[in-house]
Amino acid sequence: MAASLGERGEVSASDDWSEAPAAKEVIVTMLLEVFGDTSPHSFQITAIFLLAFMFSTVLLIQKTGAGKSMVVLGSAALLRGVIIVIEPLVAVGSDQARAATQKSS
């Protein structure tokens, strides 16, 4: 995993784990053992790495049901202390209600 700090302080990460294969293995093993997740998404592994190993602030924007909660829970499983999550619950609720309405039609 290669992570770099941009001009504005943003962290960007590549999906090349050659520099940190042990970290990826720790994350994948933890997700399997703690949550039973056998095939985490690449963005989940990268975000957990940035949060738990690089101590970075992460802004993660994904659609409903993509697996954002696993990033929060996985990071919390690796870190000790308080984790603050800001989530637009109204938008999530609206998305879920719309999806349920479409499925029942």
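Name the one entry in Ser14, Ser39, Ser18 that is small (Gly, Ala, Ser), surrounded by fewer than 13 Cβ atoms within 10 Å (Cβ to Cβ), at negative phi and modelled with pLDDT of 85 or more.
Numbers: Ser14 fails: modelled with pLDDT of 85 or more; Ser18 fails: modelled with pLDDT of 85 or more.
Sole residue among the options that is small (Gly, Ala, Ser), surrounded by fewer than 13 Cβ atoms within 10 Å (Cβ to Cβ), at negative phi and modelled with pLDDT of 85 or more: Ser39.
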Query raised in the report: Just to be sure, is Leu50 in contact with an Asp or Glu (Cβ under 9 Å, 6 or more places away or on another chain) and surrounded by 18 or more Cβ atoms within 10 Å (Cβ to Cβ)?
Result: no
Query raised in the report: Can you tell me how many residues in the stretch 55-77 are out of contact with any helix residue (DSSP H, G or I) (no Cβ under 6 Å at 6 or more places or on another chain) and either buried (at least 16 other Cβ atoms within 10 Å of the Cβ) or within 30 Å of Arg98 (Cα to Cα) (or both)?
Result: 10
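The values are calculated or read from the model by the stated rules, or taken from the named source; none is laboratory data. It should be emphasised that the depicted structure is a prediction, and the values quoted were computed from it without experimental measurement. So basically every Cβ, Gly included, is an ideal-geometry build from the backbone, and we count neighbours across all protein chains shown.
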